[in-house]
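This report refers to the structure that appears directly beneath it.
Any read-out appearing in this document is the output of simple, stated calculations on the displayed coordinates, not a laboratory observation. This is a predicted model, so every value here is computed, not measured. Cβ placement follows ideal geometry from the backbone for every residue including glycine, while neighbour counts extend to all protein chains displayed.
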Amino acid sequence: MVNPKYHIFVCTSCRTNGKQQGYCYSKDSVGIVETFMQEIDERGLSGDVMMTNTGCFGICNQGPIVVIYPEGVWYGGVTPDDVEEIMDTHIEGGEVVKRLQI
Ligand code: FES
């Protein structure tokens with residue numbers, strides 16, 4: 001059984017018909033996913049950090065949305081350039097990135 005220390009959810013505006021279409025997708029959320037994957041791999045954290053891309057969280061106007069558990073912290077307006085700071089501060093530092101929290 002997978003029991004990660006952190007689980008990161010990134011809205012990529014996935015639809016049940018398999019097509020991605022929506023606000024977060026239009027704002028490069030796939031780039032956010034790719035950057036998280038790269039950072040997790042480079043830091044050797046693949047056993048501790050799981051990432052899942054999701055459908056709409058219902059707050060598109062604050063997107064792209066990233067949600068991190070176990071804390072249940074929601075980040076909004078995230079860009080691929082913010083991923084390194086989230087990894088440094090939240091995942092490895094245990095602190096919330098206040099400027100992105102919603
Ligand atoms: S499309 Fe991402 S929150 Fe709605």
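Data table
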read-out: Rounded Å value of the spacing that divides the Cα centres of segment 66-102 and segment 38-58; value: 12
read-out: Segment 5-102: trypsin sites (Lys or Arg not before Pro) in DSSP coil with no more than 10 other Cβ atoms inside 10 Å; value: 19
read-out: Free-standing Cys residues across the chain, given no other cysteine C-beta under 4.7 angstrom; value: 14, 56, 60
read-out: Label-point separation, residue 15 to residue 89 (7 Å along Cα→Cβ), nm; value: 3.5
read-out: Rounded to 5, percent antiparallel among DSSP beta bridges of the chain; value: 60
read-out: Distribution of pairwise C-alpha distances over the chain, 5 Å bins, in %; value: 3, 14, 26, 26, 18, 10, 3, 0
read-out: Paramagnetic reach from residue 101 (point 7 Å along Cα→Cβ, amide N under 17 Å) across segment 50-66; value: 66
read-out: GluC sites (Glu not before Pro) restricted to DSSP loop in segment 1-90 with at most 11 other C-beta within 10 Å; value: 71
read-out: Taking the chain and dividing mean pair separation by its residue count, relative contact order in percent (alpha carbons under 8 Å, at least six apart); value: 32
